[in-house]
């Protein structure tokens with residue numbers, strides 16, 4: 001288990017494109033087609049399973065919203081910011 005990050009640590013570690021929404025970090029990834037978004041979500045699911053840290057993902061037309069939080073800790077941890085950074089790499 002990871003320790004909760006302070007507000008300053010969250011701000012410093014938040015990857016590009018991500019925003020804080022209460023006890024979660026969130027980003028909407030945009031794609032040229034629905035199937036590209038589905039492919040991203042499948043890849044993100046694999047990364048999440050590998051990290052044993054599972055986000056909430058909403059697949060919509062040409063976009064995928066991803067929300068990360070550490071439920072067992074009650075907020076945002078390094079597990080969230082680390083996985084967010086990996087999702088950014090996947091989307092590039």
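Rule-based calculations on the coordinates, nothing more; no lab input. If you're wondering where the values come from, they're calculated on a predicted model, not measured in any experiment. Note that we place each Cβ from the backbone using ideal geometry, even for glycine, and neighbour counts take in every protein chain shown.
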Legend entry - Relative contact order, percent, the chain [alpha-carbon distance under 8 Å, six or more residues apart]: 38 percent
Legend entry - Gaussian network model of the chain, springs between alpha carbon atoms under 10 Å - residue of 40, 29, 52 with greatest fluctuation: 52
Inset, instruction - Using a Gaussian network model of the chain whose springs link C-alpha atoms within less than 10 Å, name the residue from 48, 12, 79 with the highest mean-square fluctuation. - result: 12
Inset, instruction - Would you kindly state how much longer the chain becomes between residue 42 and residue 23 on full extension, computed as 0.36 nm times their sequence separation minus their alpha carbon distance, in nm to one decimal? - result: 4.4 nm
Legend entry - Calculated FRET efficiency for the pair residue 63/residue 88, C-beta based, R₀ 22 Å, to 0.05: 0.90
Inset, instruction - Have a look at 11, 63, 24 and tell me which one the Gaussian network model of the chain (Cα, springs below 10 Å) gives the largest fluctuation. - result: 11
